[in-house]
Amino acid sequence: MVAVKILNERHGALLFSVLGFVALTATFRDGIVSMVQQWSRKEYSHGWLIPVIASVLILHRRRGHVFAPGHVVVAGGAIVVSMMMLVVGVLSGIYIIITYGYLVGLVGLVGLVGLVGLVGLMGAAMGRKGLRRVLGPLLYLFFMVPLPHTFYAALSLKMQLWSSQLGVALIRMAGISVHLDGNVIDLGTYQLEVAEACNGLRYLFPLLSFGFLAALLLIDARWKRGVVLLSTVPLALTMNSLRIAMIGIMVEYHGIDAAEGVQHLMEGFVIFAICVVVLLAEVWLLLRIGPRGRFLTPDVLRPRRADFIGLGNRLAPVSL
């Protein structure tokens, strides 16, 4: 009875949340360190932002929640699964299994005592309804985990070939004779190789995470949110192919030096920024189809005093 009473009090829940988070993080530290090291690569450099954004979303979604007993069965099951993943990861030496196990354990911890209390600066046992409110931001954390090397290599090869094929199709639409041999674009005078660095994954991975974030903030029909998320793949592929086509066209008409200038201009942040603008335009158009929904960006970015102190007596109608 004493333990239950402590968990139902703000400071007791906060203390339990902090201790649980520290213990979980220390237990899975090898997987976390391995993940953070991968964030130095351009494909995963957005990983630094995801925990911050997820924290802001959790802070927003706990507005007006109530104290409720944690859902012990679901939360406990998640923690048990995470520990099993830890054992498998350690024995196999595959650190990504440990990393995913950490995130599963984090979900379990939130369901049990409300880690939302740590991130949202207030302790509270969330219960089933509270877990549902923050499940979207918790799932968003999975986008900061790098892909297993085998999957990455296979996807990289596919993206190289698809980008080459679509890029060549665009070059031919410009009236230029071109031949494609695997991932080598033969323009006659010059040959361009679509190397691994040009596979488009440095745009795809951040854009996927941004698309999931946009879908979370889009309060509208589920099919619209699905369209936003799924459209990130063809969008990244198309923009990367367009960049390759522009380089080929510049080589044909202005030589290799001009093409290198275009390559440096149309890579990295520039391509990603264009993709983000197109994706936001897509959201704007979807909001005007059927019943009007809304995009939560201004509301999320405008902190309230109640986010940090005070509690409401009822759950606010926030969609996942």
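Applying a DSSP loop filter and a limit of 16 other Cβ atoms within 10 Å to the chymotrypsin sites (Phe, Trp or Tyr not before Pro) in the stretch 140-207 leaves Y190.
Compared with the alpha-carbon gap, the fully stretched path from R172 to A153 is longer by 4.0 nm at 0.36 nm per residue. With the highest mean first, a sort of the peptides 228-238, 179-189, 88-98 on other beta-carbon atoms found within 10 angstrom per residue produces 228-238, 88-98, 179-189.
The ratio of the alpha-carbon radius of gyration of the stretch 184-232 to the globular-protein estimate 2.2 N^0.38 Å is 1.75.
Counting 0.36 nm for each residue step from K42 to W223 and taking away their Cα separation leaves a gain of 62.0 nm. With Cα atoms defining each centre, the stretch 77-104 and the stretch 135-191 are spaced 32 Å apart in the structure.
All of the numbers you see were taken from the coordinates with simple rules; none came from a lab. In this text the structure is predicted, and so the values were computed from the model without any measurement. Glycine also receives a Cβ, built like all others from the backbone with ideal geometry; neighbour counts cover every protein chain displayed.
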